[in-house]
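Data first, discussion second: the structure below is written as structure tokens.
The values are calculated or read from the model by the stated rules, or taken from the named source; none is laboratory data. Note that the structure is predicted; figures quoted are calculated from it, not measured. A quick note on method: Cβ atoms are made from the backbone with ideal geometry, for glycine too, and the neighbour counts reach across all protein chains shown.
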Amino acid sequence: MSARTRELLILILVGLITATGFASVYIARQNEISPESLSYAGFFFVLYLIAHVVARFTVPDADSYLLPMAALLTAIGLTEIYRLGPTDALRQGLWVVIGVAAFAGTLITLRHDFRRLESYKYLFGLSALGLLFLPALPKIGHSVNGARLWVRIGSLQFQPGELGKIAMIVFLAAYLHSKQEVLAQGRPKDFGPLLAIWGCAMLVLVATHDLGSALLFFGIFLAILYLATARLLYVGVGLVLFLAGSAGVYETTAHVRDRVTIWLHPWTTQAIPCPGHTALMPRQECASYQLVKSLYSIAAGGFSGTGLGKGTFTLPSGGNLIPDLNTDFIFSALAQELGLVGIAAILLVFMLFTVRGFRIALVAGDGFSKLVCAGLTFGFALQTFIIIGGIVRLIPLTGITLPFISYGGSSVVANFILLAALMLISQRANEAA
Amino acid sequence: MALASTSVDGALLALKIAFIVLLYVFIWRVIRVASREMRTPQDSFVTAPLAERHEKRAPRPGSLVVVSSPNLEENERLELTHEPLTVGRGPLNDLQLLEDDFASGRHALFDPRRDGVWIEDLGSTNGTFVNGVRLTSPRHLASGDIVRIGETDFRYER
């Protein structure tokens, strides 16, 4: 059986899962059983069939499981977004269509040899910086929850940092691949351009309070540097710098101190002053309200969950119980409705996606492909860890999207481009075998 | 009405179970393939320069003997080191083929890895051939293989 036929069969399984999930949400909402609930799964299936056909023509030998896993995560995400608010789901559905178009576009443009991207490394480095810097510009830049990460053109909102991440990984991989011989010897001047571009990125991220992305970029940088040079010393120095930097930021930024306090002590027994309110109240009613309600939501799911469509996310008055539920906190919504069994399955899918990605990096024939592939996969895994770790209170919470699942157009489009890149690298590696 | 709500609840329960079961069937399918592939031997994806990691224990990777060439001496023997060796007409190559008009500026790369020497075409115009077959991807060299770059033939010997 060819790789693509296997992909098609497993996509049919994904279609079935989507149909059951959406039917459950639809029936719970309408309180009656109707065949309309299947139309949505049909739309999804057709969309992924198109992606499959494009893959069949452009990357026939690529990994069979990446596209189905991405399809499954996107479908689960969109189902939950629909469950939380049908208007958002419509817009998100449109973004998934754009994402699949970006996936197809990337495959078609780069089907002959993606490695030529290596010669445009500085272009990638500079566009990564440009994309990160866009939201800081007046007029088009736009703040949400104290972090200035958005670009708004007309009614369209976009978070360019997501694409910046991919451009930055391509830059780091290309630069380190071309210079790996000299870098391993550790002469400082060879690090110049690398540190300049990456340092600027870190500055922009810290200045715009995008701590989640700053952490992500830092981790990706260390990972690719280690993969290219095999010098543990660099990782050690990087971690020391990270600790020193974190301590510095902690001392100087109130915003960061608040995040750490919320992480360590979300509950207080006594009423304390609450910013923005005159009355005293316990912290769980104030600064850590969102995190605590999200923890309650996870706990409410128990072992097997309430079932899709039956969780409680609104106050009796009709307002939302948890702010940002469909972006940063979608994990806790899913945890409530799917329970431990379901959310463990979703985590397994994330893990398997990562395993497949690293597997492709292992078999890739040349250094540039290896570094891009391992870098993208590592970034994907670290991003998942940062947001889920934040939600379950393992690390301080920093707002960042859950790949493929969260509401947010830029995230969906960027992750589909990432998917296309992994499939292109996989195609090249399998073709050679 | 009571009947209707029982059937809705029943349907929701059935869907909930079906969703979880199908999800795990999906995961099982993917893990089955992943674990099978993990058992096959594989290279590391830490791409550090090989020389540095293995200079102490790795034996010399082998040598290239010139079989025929427009500018190199026939039967000349070039010892490979653990550093990758680039071949082409341009001045920046480790091995320059000055009078070979069929060789590209940067033509091919001999890449000594842990498992032996690999040859990789660097996007040359006329291609790189191993035993008469044009390379489409990096290839592991066996002793006695004839590598053709432009109009120059090398024999790889371990």
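Return the total of residues in segment A:358-387 being assigned to a helix (DSSP H, G or I), under 28 Å from B:Arg139 (Cα atoms) and not β-branched (Val, Ile, Thr).
At the first step, the residues of segment A:358-387 found to be assigned to a helix (DSSP H, G or I) are A:358-363, A:367-387.
In the following step, the residues that additionally are under 28 Å from B:Arg139 (Cα atoms) were identified as A:358-363, A:367-378.
Subset that is not β-branched (Val, Ile, Thr): A:358-359, A:361-362, A:367-371, A:373-376, A:378.
Residues in segment A:358-387 being assigned to a helix (DSSP H, G or I), under 28 Å from B:Arg139 (Cα atoms) and not β-branched (Val, Ile, Thr): 14 in total.
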Please work out which one of (1) touching a strand residue (DSSP E or B) at 6+ places or on another chain (Cβ under 9 Å); (2) modelled with pLDDT of 90 or more is the condition A:Tyr48 fails and give its number. (1)
Got at least one residue in segment A:377-398 being modelled with pLDDT under 90 and hydrophobic (A, V, I, L, M, F, W, C)? yes
Select from segment B:83-107 the residues that are touching an Asp or Glu at 6+ places or on another chain (Cβ under 6 Å) and under 21 Å from A:Lys179 (Cβ atoms) and list them in ascending order. B:Pro84, B:Leu85, B:Thr86
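Quick check on this structure: which one of A:Val235, A:Val249 is within 14 Å of chain B (Cβ to nearest Cβ), in contact (Cβ under 8 Å) with a residue 12 or more places away in the chain and surrounded by fewer than 18 Cβ atoms within 10 Å (Cβ to Cβ)?
On the way: A:Val249 fails: within 14 Å of chain B (Cβ to nearest Cβ).
Being within 14 Å of chain B (Cβ to nearest Cβ), in contact (Cβ under 8 Å) with a residue 12 or more places away in the chain and surrounded by fewer than 18 Cβ atoms within 10 Å (Cβ to Cβ) holds for just one of A:Val235, A:Val249, which is A:Val235.
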Restricted to segment A:330-359, and to residues that are among the hydrophobic types (A, V, I, L, M, F, W, C) and touching a Lys or Arg at 6+ places or on another chain (Cβ under 9 Å), which residue is nearest to B:Ala18 (Cα to Cα)? A:Leu338
With respect to the numbered conditions (1) within 14 Å of another protein chain (Cβ to nearest Cβ); (2) in contact with a Phe, Trp or Tyr (Cβ under 6 Å, 6 or more places away or on another chain); (3) among the aliphatic types (A, V, I, L, M), which one is the sole condition not fulfilled by A:Val349? (2)
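Looking only at residues in segment B:102-120 that are of a type outside the set (D, E, K, R) and under 13 Å from A:Gly367 (Cβ atoms), which one is nearest to the chain's Cα centre (by Cα)? Even if it seems obvious, please write down each step before you answer.
The initial filter retains those residues of segment B:102-120 that are of a type outside the set (D, E, K, R), namely B:102-105, B:107-110, B:112, B:116-119.
With under 13 Å from A:Gly367 (Cβ atoms) added as a condition, the list becomes B:109, B:118.
Numbers: B:Leu109: 12, B:Trp118: 8 Å.
Within segment B:102-120, the match that is nearest to the chain's Cα centre (by Cα) is B:Trp118.
Okay, residues lined up against (1) modelled with pLDDT of 85 or more; (2) under 25 Å from A:Ala128 (Cα atoms):
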| site | (1), (2) |
| --- | --- |
| A:Val240 | yes, no |
| A:Val249 | no, yes |
| A:Thr253 | no, no |
| A:Ala271 | no, no |
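For residues that are without any contact (Cβ under 8 Å) to a residue 40 or more places away in the chain and within 12 Å of another protein chain (Cβ to nearest Cβ), scanning just segment A:288-310, find the one that is farthest from A:Gly389 (Cα to Cα).
Here is the first cut: in segment A:288-310, the ones without any contact (Cβ under 8 Å) to a residue 40 or more places away in the chain are A:288-290, A:292-293, A:296-297, A:299-300, A:302-306.
Within this subset, residues satisfying the condition of being within 12 Å of another protein chain (Cβ to nearest Cβ) are A:303-306.
Numbers: A:Phe303: 20, A:Ser304: 21, A:Gly305: 20, A:Thr306: 23 Å.
Among those that are without any contact (Cβ under 8 Å) to a residue 40 or more places away in the chain and within 12 Å of another protein chain (Cβ to nearest Cβ), it is A:Thr306.
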So, first residue closer than 25 Å to A:Ala287 by Cβ in segment A:323-341, second residue assigned to a helix (DSSP H, G or I) and of a type in the set (S, T, N, Q), Cβ within less than 6 Å, six or more apart or across chains; the pairs are A:Pro323/A:Gln290; A:Phe329/A:Ser294; A:Ser332/A:Ser294; A:Ser332/A:Ser297; A:Gln336/A:Ser297
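Where in segment A:1-91 are there helices (runs of 4 or more DSSP H), lying wholly inside it, with at least 3 residues that are more than 23 Å from A:Thr327 (Cα to Cα) and within 11 Å of chain B (Cβ to nearest Cβ)?
Once the helices (runs of 4 or more DSSP H) in segment A:1-91 are filtered for at least 3 residues that are more than 23 Å from A:Thr327 (Cα to Cα) and within 11 Å of chain B (Cβ to nearest Cβ), what remains is A:3-30.
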From the set of residues in segment A:99-140 that are among the polar types (S, T, N, Q) and farther than 30 Å from A:Leu49 by Cβ, which is surrounded by the fewest Cβ atoms within 10 Å (Cβ to Cβ)? A:Ser119
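Somewhere in segment B:5-25, is a residue out of contact with any Ser or Thr (no Cβ under 7 Å at 6 or more places or on another chain), more than 10 Å from chain A (Cβ to nearest Cβ) and modelled with pLDDT under 80?
Initial filter on segment B:5-25 (out of contact with any Ser or Thr (no Cβ under 7 Å at 6 or more places or on another chain)): B:5-11, B:13-14, B:17, B:20-21, B:23-25.
Narrowing the set further to residues that are more than 10 Å from chain A (Cβ to nearest Cβ) leaves B:6.
Then drop every residue that is not modelled with pLDDT under 80, which leaves B:6.
The answer is yes, given that some residue of segment B:5-25 is out of contact with any Ser or Thr (no Cβ under 7 Å at 6 or more places or on another chain), more than 10 Å from chain A (Cβ to nearest Cβ) and modelled with pLDDT under 80.
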Among (1) assigned to a helix (DSSP H, G or I); (2) more than 14 Å from every other protein chain (Cβ to nearest Cβ), the one test that A:Val355 misses: (2)
Exactly one of these conditions fails for A:Leu321: (1) over 22 Å from A:Ser24 (Cβ atoms); (2) at pLDDT below 80; (3) in contact with a Phe, Trp or Tyr (Cβ under 6 Å, 6 or more places away or on another chain). Give me its number. (1)
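One line per residue, one yes/no per condition, for (1) out of contact with any strand residue (DSSP E or B) (no Cβ under 9 Å at 6 or more places or on another chain); (2) of a type in the set (S, T, N, Q); (3) at pLDDT below 90; (4) more than 16 Å from A:Ala104 (Cα to Cα):
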position: A:Ile10; (1), (2), (3), (4): yes, no, no, yes
position: A:Leu13; (1), (2), (3), (4): yes, no, no, yes
position: A:Arg29; (1), (2), (3), (4): yes, no, yes, yes
position: A:His52; (1), (2), (3), (4): yes, no, no, no
position: A:Phe57; (1), (2), (3), (4): yes, no, no, no
position: A:Leu66; (1), (2), (3), (4): yes, no, no, no
Within segment A:397-433, take every residue that is more than 30 Å from A:Thr261 (Cα to Cα) and in contact with a strand residue (DSSP E or B) (Cβ under 7 Å, 6 or more places away or on another chain) and give me the one that is surrounded by the most Cβ atoms within 10 Å (Cβ to Cβ). A:Ser410
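Matching residues to (1) within 14 Å of chain A (Cβ to nearest Cβ); (2) surrounded by 14 or more Cβ atoms within 10 Å (Cβ to Cβ); (3) assigned to a strand (DSSP E or B); (4) out of contact with any strand residue (DSSP E or B) (no Cβ under 8 Å at 6 or more places or on another chain):
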residue: B:Asp100; (1), (2), (3), (4): no, yes, no, no
residue: B:Ala103; (1), (2), (3), (4): no, yes, no, no
residue: B:Arg106; (1), (2), (3), (4): yes, yes, no, no
residue: B:Trp118; (1), (2), (3), (4): yes, yes, yes, no
